[in-house]
Structures are given as structure tokens and as C-alpha cells.
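Reading through the C-alpha cells given below for one structure.
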Amino acid sequence: MEVPIIGRLNYRDYQALFIAIVFLFVEKLLRGITYLLPKAGVNYLREESQRLFSMLYKDERTLPVKLFQHAANFRELVSYWDYNVEEHIVKTKDDYILGLQRIPNGRSVGSKSMNFTLNPIQQDEEPNIETVFKNNGISLSAIRKNPNEIKNKSSSSSSSFLQEFSESTSSSSSHQKKKFVKPVVLLYHGLMTCSELWVCNVEYENRLACLLADAGYDVWFGNTRGNKYSMKHTKFDPSERKFWEYSMDEMALYDLPDTIDYILEITGAPSLTYIGFSQGTAQCFAALSINSKLNKKINLFIALAPATSPKGLRNPVIDALMKLSPNVIYLFFGRKAVLTMALFWQKVLSPPIFTKIIDLSLRILFGWDCKNISEAQKAIGYYHLYSCLSTKSLVHWFQIIRSRNFQMYDDLPPYSYTSTSLGYSCQRFPTLQITTPVAIFYGGRDSLADMNMLLKQIPTPVLMREVLEYEHLDFLWANDVHQKVFPDIFNLLLHYNVHDNIRNYEFMDDYQNYDDIEQDEALDYSNN
């Protein structure tokens with residue numbers, strides 16, 4: 001087994017490694033003891049820990065927060081909002097079985113949604129898509145009566161978005177629907193997560209997936225191999241090591257292209273818009289760089305909190321781990337899946353304690369205080385944040401961070417004898433040859449974003465938008481994401497989807513009067 005030479009690690013690095021080893025040993029010991037305890041004993045410890053915790057922190061979770069925390073899967077989460085969900089299966093060229101979800105249509109008028117109080121001080125009924133326009137001082141009912149009125153009222157940040165929308169609504173006022181290919185949007189999650197990230201928002205105006213569906217888009221959700229919805233292979237079982245022998249290379253070579261081919265075949269659309277978060281952006285950059293045909297199938301790539309060559313982590317433990325040989329990391333975490341400990345303790349600990357632990361961990365590891373995210377949103381989001389990932393994929397990211405290059409998995413690390421003697425150099429992803437239009441949204445306080453490095457690696461983006469006070473997760477769950485990010489996203493979607501002759505939206509025929517929606521939801525709320 002290769003061991004890093006003494007010169008690679010300083011005194012602080014060895015301190016950090018010692019702490020990491022002790023932590024892993026204690027965690028595994030506690031996990032083993034917990035496994036041996038009877039269920040009654042585990043429940044007793046859970047209740048007692050929650051009682052002691054409540055003496056320091058008040059549990060302010062409301063009924064819906066508790067329900068959403070314990071939603072078992074994507075379908076249950078979306079069902080709370082009363083949207084139709086489809087589940088699809090994709091077989092990759094290397095025989096992995098990936099699970100996809102789809103929201104094909106928006107919520108129709110008269111649907112019975114679950115309207116609960118999500119915040120103790122906020123008891124208004126759940127809004128509808130008109131909320132997105134209220135920030136611009138525009139009424140959709142007024143738009144229908146006078147579509148040209150929007151030109152005098154729209155703000156500079158989203159004027160073209162609103163103008164395009166008014167044109168589409170006025171053209172669809174008749175009940176004769178035109179035959180067209182519905183615009184398709186694919187949402188892809190980040191590292192160690194799954195598609196549930198996109199549908200666990202507390203407030204309607206912050207649920208991008210629901211807003212897209214209500215605006216007439218055909219919304220799809222991807223899942224990378226090995227996570228909650230894609231833990232299957234035609235030949236290997238997840239208990240076998242061979243199942244977990246993959247990195248981001250395979251995600252770029254197989255997962256994303258095969259997923260997109262399947263979606264375009266089902267929908268009949270000539271292309272789709274891709275919206276990725278974190279690793280979901282890196283995966284797309286990698287796939288587009290090595291697959292020229294894929295560039296023609298994505299009409300627009302929107303990168304939220306992009307990560308291709310992160311500038312490193314603030315925590316010395318992780319920094320020390322990145323300097324180690326992959327074999328040492330495999331010794332720590334095994335050759336199969338990582339993050340099993342987080343999933344285990346999520347089931348054992350009470351939800352408020354688990355939420356606080358994750359909040360503290362994010363602060364220690366990445367320096368994120370998550371002040372832009374409400375406590376209710378944290379309680380729900382953190383419970384649906386994590387999913388399994390191969391250790392090899394984690395090693396791949398450590399290699400990228402250490403080398404400061406967006407490269408493929410390095411089978412011969414640069415400090416190994418073999419690579420040195422052969423003069424070997426790991427292949428970089430040729431991202432400069434990407435032809436798909438790319439729009440980038442990044443946070444000024446995101447410790448994982450390195451825009452200077454990213455801009456050297458890709459062609460000039462069609463849009464660069466910095467949100468100064470945003471951290472990494474804020475692009476999913478921030479309280480004001482509908483104000484600072486969504487208008488530009490919808491603007492871009494309208495602009496780049498018109499090239500597919502898509503200008504009409506089916507949902508306008510179903511939503512003839514938005515006042516009816518608000519009255520219906522208010523009635524539902526009073527009945528509950």
C-alpha cells in the first residue's frame with residue numbers, strides 16, 4: 001500500500017489526521033453499540049436525548065415540517081403540493097439502472113393541496129405562480145386585459161422575461177391549443193444528494209420545479225448512479241465492491257448522455273434545458289466536453305453554484321485528507337459507499353438534534369452559516385440532503401481540488417512511483433470546446449466556487465450573475481431566491497427555448513383566472 005511521504009504533510013496535517021482517525025473510530029464504535037441495542041433501548045435514548053436537547057433549544061417545528069421531514073421519497077414530497085408525478089427508469093450503456101422523476105404538468109385549478117402553517121408567524125394561504133410577478137408590481141389578470149401594459153411596468157432585471165410571458169399569454173387566450181413540442185427542463189442534483197433537493201422547499205415561490213411546471217414546462221429530475229433512486233445494476237449488487245467502482249467519469253460518459261437521450265425520446269423534444277446544482281454542473285461540463293453530439297441536445301446549460309475546480313475547504317481535516325494517497329482514503333472509508341454514517345444517525349437521532357448537527361458540520365467544514373435559509377427550511381432540507389456516493393467519486397473530487405485541474409479520475413496519482421517513472425499526466429476535461437450556451441449563478445460567500453479558475457476553463461458564458469451574500473445551498477433554499485435568481489432563469493429559458501419554436505404555454509388554458517386559484521386555496525386552508 002502506498003503511504004504519503006513525510007514531506008507531503010506538516011505538523012498540523014498530522015494533527016488533523018489523528019483527530020479524523022479518532023472520530024471515525026468513535027463513530028463506528030457508537031454505531032456498533034447502537035446496532036446491538038434493542039429497539040426499545042434505542043427509542044429510550046432518542047427520547048431522553050431530545051428531552052435534554054429541548055432544555056437548550058426549543059423545538060419550533062410545525063406539523064407540515066414534521067410531515068415533510070419524514071416523507072419517504074420524491075413522490076410523497078411532491079404529492080403534498082398536489083402535482084402529478086411520473087417515475088421512469090433508464091439503463092445506461094454500462095448497465096446501471098437510473099431512476100428519473102417527472103412533473104409533466106402544472107397543478108390545475110381546483111386541486112386539493114395541503115395548506116398548513118409552515119411558520120408560526122406566517123399563516124397566509126399558499127400562493128401561486130403570480131407570486132413571481134408580484135415583486136415586479138405586475139398583475140397577471142391585468143396582463144390578460146392589456147398585454148402591452150407590461151412594457152411600462154417591468155423591471156430591468158426581468159423585463160424581457162415578463163415581456164415574453166405577456167406575449168405567450170395573449171396568444172393563448174383562445175381555447176384552441178396549438179400542436180407543439182413542450183419545452184423540457186432537466187434538473188440535476190449535487191454531490192452526495194438526490195432529486196429530492198428540488199422539491200423540499202417550504203414556500204411555493206421558492207420551489208423552482210413547481211414554478212417551472214406551472215409555467216408550462218415539462219420538468220424532469222435526474223439521479224446519478226449509486227444514490228437513493230439509482231442503486232441498481234443488471235450484474236452487480238450494491239453489496240459488491242464492483243458496483244461502486246465508478247467516479248464522475250462514468251457519470252459524464254454514461255449517466256447524463258443516456259438520461260438526456262431517454263428524455264428526448266419520450267418527449268419528442270429536439271433539445272432540453274439543463275439546470276444543474278454543484279456537482280450537477282461539473283457533471284454537465286464534463287459530459288459536454290467529451291461528447292460533441294450532446295452539445296446539440298442541450299439548448300441552454302444553467303449552472304447554479306458551479307463546482308469544477310473548488311479552491312479547497314477551510315477545514316484542516318479535509319485539507320489533510322486531500323493530500324493523502326487514494327489508498328489511505330480507501331482505508332478510512334472503504335471501497336464502497338461513503339456517507340452511510342450520516343444516513344444511519346439520521347434514523348437514530350431525533351430530527352431537531354440531527355438538524356443542529358448538520359448545521360454545525362456545514363459551518364465547520366465549509367464555513368457556511370446558512371443565515372439566508374429559514375429554520376423551517378433547514379429542518380426539511382437537511383433531512384433530504386444526503387444520499388450515497390462511491391468512495392471513488394469522493395477520491396476523484398479530492399484529486400481535482402489537489403491538482404487545481406478539472407480532470408478525469410487519476411488512476412496513477414502524481415506522487416506514485418509508476419506515474420513518475422512513466423512521465424504520466426492525467427487527462428483534463430476539454431471544457432473549452434463546449435458549444436452549448438452556459439449561464440452561471442454563483443455566490444459571493446460560496447467557499448467552493450472559484451470563478452477565476454472556472455472562466456479559464458470554459459467559453460465565455462452568456463450570463464454571469466453573482467449574488468454577493470449567497471453561500472452554496474442558498475441557490476436551492478434561500479428565503480429570497482425567487483427574487484435574486486429565478487427572474488433571470490425564466491428570462492433565459494424563454495430566450496433559448498424560442499429557437500425550438502416554443503412560444504405558447506399549455507398552462508394558460510388551464511389557469512384562466514388566478515383569483516380563482518387563491519380563493520380555492522384559501523377555502524382549502526379553512527377546511528383544514
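Descriptive notes on the structure:
- Here's how it looks for Q407: its modeled amide H is under 5 Å from those of F429, which are all 5 or more places away or on a different chain.
- The spread of Cα positions in the stretch 264-310, taken along each principal axis and listed from longest to shortest, comes to 36, 20, 14 Å.
- Normalised by residue count, the stretch 224-383 yields a Cα convex hull volume of 164 Å³ per residue.
- Phi-derived couplings, Karplus 6.51 cos²θ - 1.76 cosθ + 1.60 at θ = phi - 60°, listed residue by residue for the stretch 349-359: 7, 5, x, x, 5, 4, 4, 5, 5, 5, 4 Hz, with x used for Gly and Pro.
- Distance violations [Cα-Cα > 32 Å] among K242/K293; K66/K296; K182/K228; K93/K484: K66/K296; K93/K484
- Cα gyration tensor category, rounded, prolate or oblate, for the stretch 350-397 with a/c compared to 1.5: prolate
- Packing-based ranking, highest mean first, of 372-381, 67-76 given that Cβ atoms within 10 Å are counted: 372-381, 67-76
- Longest to shortest principal axis, alpha-carbon extents of the stretch 191-252, angstrom: 43, 21, 19
- Rounded to the nearest Hz, the phi-derived 3J(HN,Hα) couplings of the stretch 392-405 under the Karplus curve 6.51 cos²θ - 1.76 cosθ + 1.60 (θ = phi - 60°) are 4, 5, 5, 4, 4, 5, 4, 5, 5, 5, 5, 7, 6, 10, where x marks glycine and proline.
- Highest average first, the peptides 40-47, 199-206 ordered by how many other beta carbon atoms sit within 10 Å of their residues are 199-206, 40-47.
- Order of exposure, largest accessible area first, which applies to T259, T267 with probe 1.4 Å: T267, T259
The values are calculated or read from the model by the stated rules, or taken from the named source; none is laboratory data. Predicted model only: the values in this text are computed from it and were never measured. Please note: Cβ atoms are built from the backbone with ideal geometry, for glycine as well, and neighbour counts cover all protein chains shown. When the accessible area is computed, the model is the full protein with side chains, heavy atoms only, and any ligands, DNA or RNA have been set aside. Shrake-Rupley method; radii C 1.70, N 1.55, O 1.52, S 1.80 Å.
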